[in-house]
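Student: Okay, handing you the structure first.
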Amino acid sequence: MNQNKSETLLDSSALIALFVENDTFHNTVKETFSKITHSTLLFSVFEEVIAVLHHRVNPTKAREVSAVLLNNQLITIATITNQHTQEINELWQTLPDDIDFVDASLLWAQKKYNLPIITFDTLLNSLQKKPTNSTDSPYLTQ
Amino acid sequence: MMLMPKQNTVSDHRMQIYLPRDLYALAKQKATQEKISLAEIIRQSLEKNLVPMQKSKPKNLLESLASVTGIFKDGPTDMSTNLDKYLKEIYESK
């Protein structure tokens with residue numbers, strides 16, 4: 001994973017809120033995204049977002065979203081290596097049952113690269129380590 | 001070939017460039033057709049290629065995702081907060 005320029009890690013919930021106009025947090029996430037100049041998207045999160053948009057909302061538009069995310073100049077799509085997968089698995093074993101492997105990957109990346117996760121998932125948000133002196137936090141809360 | 005600026009101003013930059021013969025002939029032909037100078041043809045060609053590149057560079061994440069922001073007009077209002085529920089529905093339907 002190359003984290004040189006990134007300021008944040010994107011969770012599925014933040015991207016979904018941006019793409020779905022009716023979503024309760026659509027305007028909140030727009031405000032947050034307007035302050036971010038570069039972000040990292042784990043490939044597993046990308047797959048999750050595209051899967052739910054494709055199956056649950058509109059397959060044609062999901063393809064449009066996929067193309068825009070993959071060709072975005074301000075988003076780095078990060079894949080996890082085999083070695084990292086072992087580390088994530090070790091972390092996952094220690095986490096609550098409601099945290100799935102994708103969430104565990106985000107928590108692992110957050111800790112390893114010291115990047116905040118942009119998320120509306122309350123459990124995930126409560127588990128990420130937050131800086132104590134941040135005055136303009138990028139974290140989203142419900 | 002010398003490229004002369006449209007109007008000389010302090011900020012204009014004078015330059016000399018070499019063009020391949022066939023490209024020069026094409027540019028000259030276009031300039032004659034449009035009744036404008038060769039320099040103007042070259043300026044227009046550069047602007048056409050370079051200005052869109054400059055404009056397309058987004059300043060932030062919202063700008064970079066503008067074409068797909070709110071693209072789903074009729075999605076559920078709780079999708080971002082109940083994503084696991086929707087993923088579960090998908091897995092169960094398979």
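Each value in this text was obtained by applying a stated rule to the coordinates, not by laboratory testing. All of these numbers come straight from a predicted model, not from anything done at the bench. Here Cβ is always computed from backbone atoms with ideal geometry, including for glycine, and neighbour counts include all displayed protein chains.
Student: At a Förster distance of 30 Å, what's the computed FRET efficiency of B:GLU89 paired with B:LYS57, Cβ-Cβ distance as r, to 0.05?
Tutor: The value I calculate is 0.15.
Student: Efficiency by 1/(1 + (r/R0)^6): what FRET value for A:PHE101 and B:SER45, r their Cβ-Cβ distance, R0 = 41 Å, to the nearest 0.05?
Tutor: 0.20
Student: Determine, for B:ASP74, A:ASP121, A:ASP100, the number of other Cβ atoms within 10 Å of each Cβ, and report the residues in order from fewest to most.
Tutor: Starting with the residue having the fewest Cβ neighbours, the order is B:ASP74, A:ASP100, A:ASP121.
Student: Would you compute the Debye intensity of the protein assembly as shown from its alpha-carbon atoms alone, equal scatterers and no solvent, and pass along log10 I(q)/I(0) at q = 0.12, 0.14 Å⁻¹ to two decimals?
Tutor: Each listed q corresponds, in turn, to -0.71, -0.86.
Student: Could you work out, residue by residue across B:83-91, how many beta carbons of other chains sit within 10 Å of that residue's beta carbon, and then give the average as an integer?
Tutor: Mean partner-chain Cβ count within 10 Å for B:83-91: 5.
Student: Can you find, among B:LEU83, B:LEU50, A:ASN27, the residue sitting farthest towards the positive end of the charge dipole of the protein assembly as shown, where Lys and Arg contribute +1 and Asp and Glu -1 at Cβ?
Tutor: Selected residue: B:LEU50.
Student: Average partner chain C-beta neighbours within 10 Å, per residue of A:51-58?
Tutor: Counting other chains' Cβ atoms within 10 Å and averaging over A:51-58 gives 6.
Student: Another one. Can you compute the modelled spin-label distance between A:ASN114 and A:GLU47, with each label point 7 Å from Cα toward Cβ, in nm?
Tutor: Roughly 3.1 nm, to one decimal.
Student: Stokes-Einstein D for the stretch A:6-127 at 37 °C, 0.692 mPa s, Kirkwood Rh over Cα pairs, in µm²/s?
Tutor: Using the Kirkwood radius from Cα pairs, D works out to 221 µm²/s.
Student: Shifting gears a bit: Using the per-residue mean of other Cβ atoms lying within 10 Å as a proxy for protection, in what order, highest first, do the peptides B:15-26, A:45-56 fall?
Tutor: Ranked by mean Cβ neighbours within 10 Å, highest first: A:45-56, B:15-26.
Student: Also, I was wondering about something else. Longer than 20 Å from Cα to Cα, which of A:LYS35/A:LYS130; A:LYS112/B:LYS85; A:LYS35/B:LYS57 are they? Say none if no pair is.
Tutor: A:LYS112/B:LYS85
Student: Moving on. With contacts defined as alpha carbon pairs under 8 Å and 6 or more residues apart, what's the relative contact order of chain A in percent?
Tutor: 28 percent
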